[in-house]
Amino acid sequence: MGTLPKRKDIPPWVKVPEDLRGPQVFRVQTALLEAMFGPGGSRIPYIEQVSRTMLEVKVLGSSNLTEVKVYGNYLYKLRTTWMLQSMAERHRLRWERGMLKLEDAMNALELN
């Protein structure tokens, strides 16, 4: 059956226990969390309200990954997971482009 999340403030739009079974789970780089969820996860309540889901974020100890679980209605879970994965990919690509620009600038300084 699986265990239910330990969170105590389950949003009113999440039906207990049926919406708490079988969450969508994905992993994202920990460095991208602030860009996605705001400082200290400040945007999580807003994302939950708009998407009609409940999020549980857990930093994995030995890696640089964070596990995100999305609870709720089946279609809402799929849509929210897709949206969050797309956001993570967008932020990752922006970060990589920034690093490439920084590397180019440093190489240009070394050549002069």
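Averaged per residue, what accessible surface does the chain expose to a 1.4 Å probe, in Å²? Working shown, then result.
Values: 7860 Å² over 112 residues.
With the other protein chains kept in place, the chain gives 70 Å² per residue.
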For LEU93 and GLU110 in one chain, what is 0.36 nm times their gap in residues minus the Cα-Cα distance, to one decimal in nm? 3.6 nm
Kindly report, to the nearest 10 Å², the accessible surface of MET83 as traced by a 1.4 Å probe over protein heavy atoms only. 70
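Given charges of +1 on the Cβ of Lys and Arg and -1 on the Cβ of Asp and Glu, with all other atoms neutral, how large is the dipole of the chain about its Cα centre, in debye to the nearest 20? If you can, show how the numbers build up before the last one.
Values: 17 positive and 12 negative charges, 101 e Å.
Once rounded to the nearest 20, the dipole reads 480 debye.
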The Cα extents of the range 67-112 along the principal axes, largest first and rounded to whole Å, are 59, 16, 5
Rank-order 67-78, 85-96 by packing density, defined as the average count of other C-beta atoms within 10 Å over each peptide's residues, highest first. 67-78, 85-96
Please report, as a whole percent, how much of the solvent-accessible surface of the chain comes from carbon and sulfur atoms (probe radius 1.4 Å). 57
I need the semi-axes of the equivalent ellipsoid of the chain: take the C-alpha gyration tensor, multiply each eigenvalue by 5, square-root it, list largest first in whole angstrom. 35, 13, 12
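For a test of the definition: using alpha carbon positions, the gyration tensor, and the 1.5 limit on a/c, classify the range 32-90 as rounded, prolate or oblate.
Values: a/c = 1.63, a/b = 1.45, b/c = 1.12.
In terms of gyration-tensor shape, prolate.
I need the calculated FRET efficiency for the pair VAL57 and LEU102, taking r as the beta carbon distance and R₀ as 25 Å, to the nearest 0.05.
Values: r = 28 Å, r/R0 = 1.14.
The calculated FRET efficiency here is 0.30.
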For the chain, what does the relative contact order come out to in percent, with C-alpha contacts under 8 Å and a separation of six or more? 29
Taking K and R as +1 and D and E as -1, what net charge do the other residues with C-beta under 9 Å from the C-beta of LEU55 add up to? -1
Counting only protein chains, not ligands or nucleic acids, how are GLU18, GLU110 ordered by accessible area (probe 1.4 Å), most first? GLU110, GLU18
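The values are calculated or read from the model by the stated rules, or taken from the named source; none is laboratory data. Please read all numbers here as calculations on a predicted model, not as lab measurements. Ideal geometry is used to build each Cβ from the backbone, glycine not excepted, and the neighbour counts take in all protein chains shown. Accessible surface areas use protein heavy atoms only, side chains included; no ligands, DNA or RNA. Shrake-Rupley method; radii C 1.70, N 1.55, O 1.52, S 1.80 Å.
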